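Just so it is clear, none of the values below were taken in a lab; they were calculated from the coordinates. Fair warning: this is a prediction, and the values are worked out from it, not measured in the lab. Please note: Cβ atoms are built from the backbone with ideal geometry, for glycine as well, and neighbour counts cover all protein chains shown.
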């Protein structure tokens, strides 16, 4: 990409960011203008594809916006492309810019909410103007140095990208298991719903990880088809490393008071002790096990109480 | 009906020319008389014979089905226009349980020769096996071609006997036995049917064999069908223990009678003898691996092996382990009620536990009941044993599984109270009556198909009502017969004091409906028909006469909803409701009314731009009947409540109703409907969770705990949350130790669970 094209892409990304910031009141991204200086963080590109019909158009944009809003609590680097702005050129430009400001320690999140098409050989993302293929997306992603990458493609036939975009350190989440599942999906609806549903946060740490959102959404898809006795036309899939990336905070973002650092350190120790005890559960009688667990948890409860009293959110 | 089929298709009339015919006839004669030399005879014939048609017959008798099939194929290649060969090949397929191929070959044979008796008889037999009404006309067609055709006459006698016309059947059969022109095998078959007639009339019992047994065994000492055919008649009249006894006698005579081995295995399962049943099924498989019914049964036993079995004084329940916790509770409650209330209504006491198997997959249930997948019924009862789809097998939009449990348990009562002699219509009628009057979803709604049949005068008299189940004459007649039988029992229960109990008592001594009505109610069946007809007219005549109008108005209401014309939708829906107010089925006008009003309320809800009167109240417009949004919403809720109260059970409608009542702060209604919804879809943890929350809000803490536990048993996605809710419910009930344990289970999964830690602190104080 030449300098002019780079500048164009940056400007477009900046416009989008400004749009997000208007909506989410987030901070402007220094990284966009000062590539390479940002600390390790999560960086996200969210795209709402072409709906074709008004209902889908509205749904895709709504889901993309919800995801954007949730991620705004987690990272400042969110590029949201929706409606007419979500063109092939814009996607390419956003990823190219992302490559420029990312480091290998960063985590990349790429989410496409929308229709896809699969002709038996090639998967294409449906966007305004020319569609782009999974292979093209792969080419745009490759230069991004982030070692940890998560790609989420929610729509019809999205399973077709599994073969094309699979790579070490890259986790793929798709709404269908293959390109042959070509009906419109409901996976995206449940995936975004997970971001504000406490039931998705199964470890109750106040955060919803990508894995938790995937599990929640998969469960929702099964129930969706079960409740009306319909045959499921989509089977969500995750492949690659378990995606521990945080997609949403259900509680307010943590603030840490230096004076309470010892409490937090002790809480982390307790958490580790509980994990160890759990791993050794078989060595104890039920009563012994739960007695020990209770002791650890009571101390944990006291610490959480002290942290809460101090106005901190764990 | 494999046992009987085997008899009737093993040999047809085969006329072959000259010496070849004589050679195979000689072998057949040995075989028909049960001589062990028959095998050698066929082998010798095969070593010399080159005609593939004859070789096929020899292979067939030697039970070499594949070779017989190949020989028939070669024979047809050589003689493509030979109708008889095709018909015989069809019979081979029928004997190998390949009905579709058999049917095609019979049709091909008849296209070559419309009067081919082997094909006509084969086709009739296939239709008889399917209990298809068309069997009668096919038999008649064959008898026009040759009124004395022995095979067809045997089939006609079978049909008459199945319909309970024993005298007419016996006339034909005695004539066949007496005639020297009757082929040996047909004569033996006639004797087996005569023995069956003896059993059906009570002259013979498993302990007291029919005199025809001795006569048949004198001709062929290995003729197992002499017991297997009467056993079949016991099966179709639901007397499985008697069938088992006779089938044991059949396989004792002929251990290689694979169809009898299969029937014995199947019926042992029906009387809850699983191990013995499996043993005979395995024997059947060892001798006849072609029979899909055997294979399916054995696979099903593998499935059952992984099921939980709960054994209590009143109930033996087999369920998939994932569903045990939930189903045990609901089924247990119903079976308790059956012991305490249902059985006493009929002067009966359930002495043994009711056995209930609930299948997760419909095809498993279908195999259990019929041996082959694809049947449409929901449940079946074999004496004490109820087998049925579980709630996971079909969506709740299609059925109400708990009502089906109640229906089937009512069969346990009527079958046991009469030692299985009760007629089909009465047993079904009492079950439907029980379902509609006392079941989990009481209702007096009948489907459109019934009203149509009523308006078109297609209902049967009580004396013939069994035929509506056994040999339907028109599409949907079985369903119509169920409804009719149920309404007839409702009428009897309401009009004649203890009427149902008295009729049931008579059925304990006879299978004859005429006698049961005469002695039980003191009137002739025709008089009962007249009185019932008048009652039916009074109660359903208006709805039947206005059925088309109801449908038109209901459809117009839904169309108006699509067009967002709420006023028109409401008017049409209310008109439909006035024509058939108790209707709960699909295309329901009450749901259209609720939907129209709900949408009208949403669309006309007050907003800054809406017209206001001087007091600031909303000014109603023309839409939705001119009511204010709050009133429209209230009327919508009332429509849903009415639908629910008359027995409407569409889960989607009930989900809407719960949400609306909850949002309106009418927790009692939300709770009542949610409770029913949870029973309709018991495997949905979210229903249990919601019912638990509603119960808590109304102070029903024991119920809340119970529901929270069921939600947890279903292993929801948010396991920590589910444990926490159980802990909360226990804590509310003051059960601190249990609450602590439940809480620890939540925190074990999610150690930083804020609400959990908070509660732990509170409990530990």
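List of remarks:
- The stretch B:202-346 shape via C-alpha gyration tensor axes, a/c threshold 1.5: oblate
- Sites residue B:437 and residue A:226, calculated FRET efficiency, Cβ-Cβ separation with R0 35 Å, nearest 0.05: 0.65
- The stretch B:124-166 shape via C-alpha gyration tensor axes, a/c threshold 1.5: oblate
- At full extension, residue B:219 and residue B:305 could sit 26.6 nm farther apart than now, given 0.36 nm per residue minus the alpha carbon distance.
- Neighbour-count ranking [beta-carbon atoms within 10 angstrom, fewest first] of B:166, B:652, B:187: B:652, B:166, B:187
- Using a cutoff of 8 angstrom between alpha carbon atoms and counting only pairs six or more residues apart, the relative contact order for chain B works out to 6 percent.
- Annotation for residue B:207 and residue B:274: the two label points, set 7 Å from Cα along the Cα-Cβ direction, are 3.1 nm apart.
- Calculated FRET efficiency for the pair residue B:290/residue B:341, C-beta based, R₀ 56 Å, to 0.05: 0.70
- Against chain B, whose longest principal axis is taken from its Cα atoms, helix B:274-287 shows a tilt of about 50°.
- In this simple spin-label model, placing a label point 7 Å from the Cα along the Cα-to-Cβ direction at both residue B:763 and residue B:181 gives a separation of 8.9 nm.
- Put a dot 7 Å past the Cα of residue A:163, heading toward its Cβ, do the same for residue B:737, and the two dots end up 6.1 nm apart.
- With both residues required to sit in the protein assembly as shown, DSSP beta bridges show an antiparallel share near 40%.
- Prolate/oblate/rounded call for the stretch B:688-765, Cα gyration tensor, a/c under 1.5 rounded: oblate
- Ranked by how many other Cβ atoms sit within 10 Å of their own Cβ, fewest first, the residues B:398, B:666 fall in the order B:398, B:666.
- Computed from the C-beta positions of residue B:146 and residue B:524 and an R0 of 41 Å, the FRET efficiency is 0.55 to the nearest 0.05.
- Per residue of peptide A:199-208, the mean number of Cβ atoms on other chains within 10 Å of the residue Cβ is 5.
- A straight chain from residue B:563 to residue B:515 at 0.36 nm per residue would run longer than the Cα-Cα distance by 11.4 nm.
- Residue order, fewest to most surrounding Cβ atoms within 10 angstrom, among A:89, B:118: A:89, B:118
- Extension gain for the segment residue B:99 to residue B:578, taken as residue separation times 0.36 nm less the Cα-Cα distance, is 167.5 nm to one decimal.
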